[in-house]
């Protein structure tokens, strides 16, 4: 199977610029584990700039007279809107979670050393067999050796 040529990402042009501009905010909040708080504000701005009917491969054009942000006409279109928005929000969140390495974030220079502290140095301890345990205790070792010599 051959790989597709070109940029295979879903977000191009103004969408990519919008997401890239928001990435530092996402990065800061994700380090603190508080990303739930930022999505509402982000998606309000995103859907205001890129209406749900606007195709992914098309940027908003001020000269375009089509009203992409019109309200759904019926229940079926409302369902389509909900599915489209849910799928797009999932794609956007996935895009942000994958951007760490490609956004030029430097790797932690201490990561290898910290990993060494987290992993055990040797094999895990194992319980000695009974005869080994008793042979370590000097008083018992003398008695066992004396009996064995007889």
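Side notes on the structure shown:
- Just one of (1) exposed (fewer than 15 other Cβ atoms within 10 Å of the Cβ); (2) in a helix (DSSP H, G or I); (3) in contact with a helix residue (DSSP H, G or I) (Cβ under 8 Å, 6 or more places away or on another chain); (4) without any contact (Cβ under 8 Å) to a residue 12 or more places away in the chain fails for residue 25. It is (4).
- Residue 60 vs. criteria touching a helix residue (DSSP H, G or I) at 6+ places or on another chain (Cβ under 9 Å), in a loop (DSSP other than H, G, I, E, B) and either in contact (Cβ under 8 Å) with a residue 24 or more places away in the chain or closer than 24 Å to residue 97 by Cβ (or both): yes
- Applying the condition of being under 13 Å from residue 27 (Cβ atoms) and surrounded by fewer than 12 Cβ atoms within 10 Å (Cβ to Cβ) to region 83-124 and asking which residue is modelled with the lowest pLDDT yields 104.
- Residues considered: 73, 15, 32, 53. Of these, the only one that is under 19 Å from the mean Cα position of the chain (by Cα) and either free of Cβ contacts under 8 Å to residues at least 60 places away in the same chain or surrounded by 11 or more Cβ atoms within 10 Å (Cβ to Cβ) (or both) is 32.
- Residue tally, condition touching a residue at least 12 places away in the same chain (Cβ under 8 Å) and under 18 Å from residue 83 (Cα atoms), over region 35-47: 4
The values are calculated or read from the model by the stated rules, or taken from the named source; none is laboratory data. A quick note: this is a predicted structure, and the numbers were derived from the prediction, not measured. Note that each Cβ is placed from the backbone with ideal geometry, even for glycine, and that neighbours are counted across all protein chains shown.
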